[in-house]
1. Please verify whether Ala88 is touching a residue at least 24 places away in the same chain (Cβ under 8 Å), under 27 Å from Ile159 (Cβ atoms), of a type in the set (A, V, I, L, M, F, W, C) and open to solvent by 50 Å² or more (accessible area, probe 1.4 Å), treating the condition exactly as stated.
2. Tell me, which helices (runs of 4 or more DSSP H) lie completely within region 120-186 with 1 or more residues that are over 19 Å from Leu105 (Cα atoms)?
3. Looking at region 1-35, which of its residues are in a loop (DSSP other than H, G, I, E, B) and open to solvent by less than 60 Å² (accessible area, probe 1.4 Å)?
4. Counting only residues that are surrounded by 10 or more Cβ atoms within 10 Å (Cβ to Cβ) and assigned to a loop (DSSP other than H, G, I, E, B), which one in region 53-83 is farthest from the chain's Cα centre (by Cα)?
5. Taking region 84-104, which residues are of a type in the set (Val, Ile, Thr) and in a loop (DSSP other than H, G, I, E, B)?
6. Answer yes or no as to whether Gly107 is surrounded by 14 or more Cβ atoms within 10 Å (Cβ to Cβ), on the phi > 0 side of the Ramachandran plot and either touching a residue at least 12 places away in the same chain (Cβ under 8 Å) or in a helix (DSSP H, G or I) (or both).
7. I need the full set of residues from region 110-145 which are open to solvent by 40 Å² or more (accessible area, probe 1.4 Å), more than 22 Å from Val13 (Cα to Cα) and of a type in the set (Asp, Glu), in order please.
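The values are calculated or read from the model by the stated rules, or taken from the named source; none is laboratory data. Please read these numbers as outputs of a predicted model, since none were measured by experiment. Don't worry about glycine lacking a Cβ; one is built from the backbone with ideal geometry, like all the others, and counts go over all protein chains shown. For accessibility, only protein heavy atoms count, side chains too; no ligands or nucleic acids. Shrake-Rupley method; radii C 1.70, N 1.55, O 1.52, S 1.80 Å.
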Amino acid sequence: MSAFIPNRRDPEVTARALEQVHADKKREAGDGFDGTWVAHPDLVETAREEFDAVLGDRPNQVERLRDDVHVTAAELLDLTIDGDVTDAGVAANVSIAVRYLESWLRGVGAAAIDNLMEDAATAEISRSQLWQWIHRGVTTKEGTRVTHAHVESLLDALIDGAPRTNGDRYDEAAAVFREVTLREDFPTFLTISAYSRYLVDGAESSSVDSERLSAA
């Protein structure tokens, strides 16, 4: 799924989203996929256009077997960190993980954050990268060592600047973030420890409505 979403109140954001989704779906259809799913109903026609252009009247592309692709076990198990880690990337991971957890704790399993549709998988990637960078002693492209203290300082700044409202869950989201990101051992999936904090109709409950938390 392409995470870019339109904003009916902001034509520029919508134009960028449609351009990006067109490019993403053109690539997917060209790579042999038969269909896709979208994050917003306004994107259905955009996705349909790109797949119809490749598929035409055909229902699928099952004849494309990709015999040109050869992957070894060693390649699948290669966990080498490739590319540059940046200060902006570290800060973005903290922001996305915490803001998503705050949304999840309010019962919203798919959240629009910075004009992207984020779900539990995105937040899981964000906190997992942070844990890995800390424990691998990674230094960012700008020269900042990714440490517990550095991530904690970014977390504090995020919470201090959060748009607090009656009923927000930022403090609890920060607590969950610390549990799943700053522990010495790597915890299991990030929402597991959040279940006991989930509120249903204003009352604490350990039972979770699977439909409301569908993105988990």
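1. Details: touching a residue at least 24 places away in the same chain (Cβ under 8 Å): no; under 27 Å from Ile159 (Cβ atoms): yes; of a type in the set (A, V, I, L, M, F, W, C): yes; open to solvent by 50 Å² or more (accessible area, probe 1.4 Å): yes.
In short, no.
2. 120-135, 148-160
3. Taking region 1-35 and keeping what is in a loop (DSSP other than H, G, I, E, B), we get 1-3, 5-10, 31-35.
Scanning region 1-35 gives Ser2, Ala3, Ile5, Pro6, Asn7, Asp10, Gly32, Gly35.
4. Looking at the filtered set, the residue picked out is Arg58.
5. The answer is Val85, Thr86.
6. Considered against the rule, which asks whether it is surrounded by 14 or more Cβ atoms within 10 Å (Cβ to Cβ), on the phi > 0 side of the Ramachandran plot and either touching a residue at least 12 places away in the same chain (Cβ under 8 Å) or in a helix (DSSP H, G or I) (or both), Gly107 comes out as yes.
7. Selection gives Glu142 alone.
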